[in-house]
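The values are calculated or read from the model by the stated rules, or taken from the named source; none is laboratory data. Everything quoted here is computed from the prediction, not taken from an experiment. Positions of Cβ are generated from backbone atoms using ideal geometry, with glycine treated the same way; all protein chains shown enter the neighbour counts. Protein only, heavy atoms only, side chains kept; ligands, DNA and RNA dropped before computing areas. Shrake-Rupley method; radii C 1.70, N 1.55, O 1.52, S 1.80 Å.
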Amino acid sequence: MHPSEPPQLPPPAPPSDLSESHPPQTLLDIITSVLSLLLISSLTVRSFVGRWQVLRSKLCSLQSSLSSISESPHWNENFLLHTLFPSLLATLQRLKALSDQCTHSTFTGGKLLMQSDLDIASSSLSNHLHDLDLLLRSGVLHQSNAIVLSHPGPGSDKDDLGFFIRDLFTRLQIGGIEFKKKALESLLQLLTSDEKSPTLVAKEGNVGYLVNLLDVNSQPSIREHAVVAVSVLASSSEESRKIVFEEGGLGPLLRILETGSIPLKEKAAIAVEAITADPENAWAISAYGGVSVLIEACRSGSQPTQTHAVGALRNVAYVEDIKMALGEEGAIPVLVQLLVSGTTAAQEKAANCMSVLASSGEYFRSLIIQEKGLPRLMHLIQDLSSSDTIEHVLRTISSLAVVDSVSRILSSSTVFIIQLGEFIKHGNMILQQISASLLSTLSISDGNKRAVSTCMGSLVKLMESPKPVGLQEAATQAIVSLLTVRSNRKELVRDEKSVMRLVQMLDPKNEAVSKKFPLMVVTAVLSGGSGGCRKRLVAAGANKHLQSLAEMEVTGAKKALQRLAGNRLKSIFSRTWRE
């Protein structure tokens, strides 16, 4: 047969017909035959020689790829080839027809049209080469396709799962829309059925390609599945989250959060919150203009979107370079509103974010006050049940309390002071510490001090706790503040347990508590000169410990011992020890 003559082959058929009527081996034989003719004819073309040189290079690569496929032990079991081979054959047959026209010495057709046809065929050939190369590199042709036909069970080993994942991503990148949808559905089933699978998917799969499917131009159902898959990967494990970020996932997710449908926004918000939980990733929010996107999502998004978007805001609030942008873009009014109307989870995250910002400086404290955040915070702690949210609210209030006007409001609020007393009695140690610290720093009236006298026993008990750091000091200072009221001093010494705890803390052998703390309290108890208070402390054994501490020259011990002894012995002590 002359190279320029068309091959004696069956007429081209639509890919679907070919895939149904010919087994893979037959299709491969036909493709190989056409390819051989093309390789010969590409050497004899006389028109558009430069383009045919490029095409010949691609045809040689195709020949090598087909040879590798035929040598793979299970290539004819892979259903993807049922789609790839008919399409490839159609491209080669089109190229053969074009080569026949280009072998004549004088080409009489339209040159621009021929150039366009050759470029289109060359592009199609490149796509086929890419798909075949991807199929070969995946390794799925070297293992029986039987495992892929069903989802790996719970007992599957890593090798089986790895093969399954590689096959899924091969189908995702090579197949048509239906192949992609089925591959994504299987991927989602895997991601949600095994908590270890996201890490393996990130390792074995092409997460970068999955991220590309988030593009607005992707087919809607494909994009929707891809968003869910990326969201699961970002929120499942540190390894998979890192790869989603490194493959550029944050930018597309923010665009979805800005312009996507409600379900897609919710999934994107989950992923963005998870990605920004890593401080090394959080800085990138500003690079994508994400601060305004997150604030708008908190303002107008659905409840799930708000909950996760405010979580992302909380994450980036720790980044110094982004902190100011939160204020400038209007985050504070949105946070204040979420404290009132958000879900329980949104309230906690908003309170946390606000506490971070309030502690960072005067700028944010002023913004919170301007937005009437203080009365909302004070009201909120009356209704909250989550100790974590209460903690963040109290931290915010504590930061605001450095402002004189706020301090006056807090000090005069009997309801707020009583609430602090309740937290000291019934809260966890963090709430107890923050509440004790506030009690000690606020200028509370005697009436309000009497109103919270019942928390003094709890404060004495907290003095024994070495952790968290600062708790002993906060508890001590709070008691000392409350003991400026005479009735509170009498009430404390009537509490036998509290008196015994104080005396035990004075014991020099007790090294768990710095002696300055119980000495401060004993001195405060005895400051009014009450004989009843002295008698109760002496009866509990305080005198012996105070004498030992005074002999050890512990600061404050001499003064406490003088007060315990009363005026009768004051002159003796003043001659023995110098003030």
The aspartates and glutamates whose Cα lies under 13 Å from the Cα of LYS265, excluding any fewer than 8 residues away in the same chain, are GLU224, GLU273, GLU296
Protein chains only, probe 1.4 Å: how do VAL499, VAL49, VAL415 rank by accessible area, largest first? VAL415, VAL49, VAL499
Find, among the chymotrypsin sites (Phe, Trp or Tyr not before Pro) in the range 316-398, those assigned to loop by DSSP (not H, G, I, E, B) with at most 13 other beta-carbon atoms within 10 angstrom. none
What's the carbon and sulfur percent of the range 404-537's accessible surface, probe 1.4 angstrom, rounded to a whole number? 50 percent
Magnitude of the Cβ-charge dipole of the chain, K/R +1 and D/E -1, about the Cα centre, nearest 20 debye? 4100 debye
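Evaluate the charge dipole of the range 458-544 about its Cα centre and quote only its size in Debye, nearest 20, assuming +1 on the Cβ of each Lys and Arg and -1 on the Cβ of each Asp and Glu.
280 debye
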For the chain, build the charge dipole from Cβ charges (+1 Lys, Arg; -1 Asp, Glu) around the Cα centre, then report which of ALA512, LEU214, LEU35 sits farthest towards its positive end. ALA512
Under the Karplus curve 6.51 cos²θ - 1.76 cosθ + 1.60, θ = phi - 60°, whole-Hz ³J(HN,Hα) for the range 378-388, x wherever Gly or Pro sits: 5, 6, 5, 5, 6, 9, 6, 10, 7, 5, 5
What is the distance, in nm, between label points placed 7 Å from the Cα along the Cα-to-Cβ direction at SER465 and at LYS196? 4.0 nm
Here are labelled values, (1) 22; (2) 42; (3) 54, and one is the computed percent of Cα pairs over 40 Å apart for what I pasted. Which one? (3)
Set the Förster distance to 51 Å, then compute FRET efficiency between LYS490 and TYR363 from the Cβ-Cβ distance, nearest 0.05. 0.65
Using the crude model of +1 on Lys and Arg Cβ and -1 on Asp and Glu Cβ, and no other charge, please compute the dipole size for the range 381-481 relative to its Cα centre, in debye to 20. 180 debye
Of all the stretches in the chain, which is the longest one without any exposed loop site, taking trypsin sites (Lys or Arg not before Pro) in a DSSP loop (any state but H, G, I, E, B) with at most 13 other Cβ atoms within 10 Å? 197-371
Counting only protein heavy atoms and rolling a 1.4 Å probe, one gets per residue an accessible area for the chain in Å² of 46 Å²
Quick one, what does Rg over Rh come out to for the range 315-376 if you take C-alpha atoms and the Kirkwood Rh? 0.93
What do you reckon, how do VAL493, VAL54 stack up by accessible area (1.4 Å probe), largest on top? VAL54, VAL493
Projected onto the charge dipole of the chain (+1 at Lys/Arg Cβ, -1 at Asp/Glu Cβ, origin at the Cα centre), which of THR555, CYS455, ALA282 gives the Cα projection farthest towards the positive end? THR555
